[in-house]
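To start, the structure under review is shown below, and the notes come after it.
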Amino acid sequence: MKTTVIILAAGKGKRMNSNINKQYIEINNKPILVYTLEKFQESECIDEIVLVVGKEDIEYVEKEIKNKYCFEKINYVVEGGVERQDSVYEGIKKVSNDTDIILIHDGARPFVSISNIRKLVNEIPIHKACILGVKVKDTIKMVDNDGYIVNTPDRKNLYAAQTPQGFLKDIIEKAYEIGINENKFFTDDSMLVEEYLNTKVKVVEGSYENIKITTKEDIDIAKRYIEEYYK
Ligand code: CTP
Ligand code: MG
């Protein structure tokens, strides 16, 4: 089965509070986005990469990332949209016609492992829609608008959603077409499938290392991971 990954790097990274966009921050002289791309370039499960970036970064990414690091799986560097969901939709439009499976991954998650990519991709023909997730470590409280606890869900049923999230192409295309038309916003890709399609989404156990680089503290964690794993 042919598999395409859409890698998202068109956000503004506001919570990072940095003058350069978070995915281009360098660790050991290499932009974070390059660490992410390397995983999918190396993965034997991935045939094609569609990279979604900000309009002002297209030229830099073509030259300084795609060409410089020889990411020959990248078929398109495409301009993203205002919300994450708009960026995904722009990516979906560029996926090759003969692709069977689409993965969607945050460019800001450089520590996804090649073995977890494989694990996820292998489950998609069986379940049609799968995401990587990890068991939450804390007890989670549901609160009302005044901050009073209304219930404490059983922790054994709670997972933190990660990316990649992977789907049969027809399913994710359909879910996004409906979502974009309805102009409703969701916090991850599987939510559109949960909301609009009669398809159950399977959680595949991921790893705690697969963090999303969001704030300054995450850069310190990323540096430590890179010291440990890439030496
Ligand atoms: N993303 C995107 N297009 C958008 C918004 C987000 O491609 N319009 C991407 C980001 O580049 C990131 C991923 O989606 O890789 C996850 O989003 P998030 O961590 O929220 O990144 P930002 O939106 O850039 O950060 P912030 O919310 O702090 O502004
Ligand atoms: Mg955001």
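Applying a DSSP loop filter and a limit of 12 other Cβ atoms within 10 Å to the GluC sites (Glu not before Pro) in segment 42-132 leaves Glu44, Glu72.
Under a Gaussian network description of the chain, with springs only between Cα atoms under 10 Å, the residue in Ser43, Ser207, Ser18 that fluctuates furthest is Ser18.
According to the calculation over all Cα-Cα pairs in segment 28-121, the P(r) per 10 Å bin from zero is 15, 51, 32, 2 %. A Förster distance of 22 Å, applied to the separation of the beta-carbon atoms of Lys68 and Lys12, puts the FRET efficiency at 0.40. Label separation (Glu59 vs Glu182): 4.1 nm, computed from points 7 Å beyond Cα along the C-beta direction. The HN-Hα couplings worked out from phi for segment 50-58 by the Karplus form 6.51 cos²θ - 1.76 cosθ + 1.60 (θ = phi - 60°) are 10, 9, 10, 9, x, 3, 6, 9, 4 Hz, whole numbers, x standing for Gly and Pro. For segment 213-219, 3J(HN,Hα) computed residue by residue from phi via the Karplus equation (6.51, -1.76, 1.60; θ = phi - 60°) reads 6, 10, 10, 3, 4, 5, 5 Hz, glycine and proline entered as x. Computed extension gain for Asp220 through Ile114, at 0.36 nm per residue and net of the alpha carbon distance, reaches 35.9 nm.
Per DSSP H run of at least 4 residues, take -39500 (n - 2.57); add these up for the chain, divide by its residues and hand me the 222 nm value, nearest 500 deg cm²/dmol. Spell out each step's value before the answer.
Values: 6 runs with 72 residues, N = 231.
The per-residue figure over the chain is -9500 deg cm²/dmol.
Put a dot 7 Å past the Cα of Asn29, heading toward its Cβ, do the same for Val134, and the two dots end up 3.0 nm apart.
Relative to its Kirkwood radius, the Cα radius of gyration of the chain gives an Rg/Rh of 0.96.
Each value in this text was obtained by applying a stated rule to the coordinates, not by laboratory testing. Predicted model, so just to flag it, every value in this text is computed and none were measured. For neighbour counting, all protein chains shown are included, and Cβ atoms are generated from backbone atoms with ideal geometry for every residue, glycine included.
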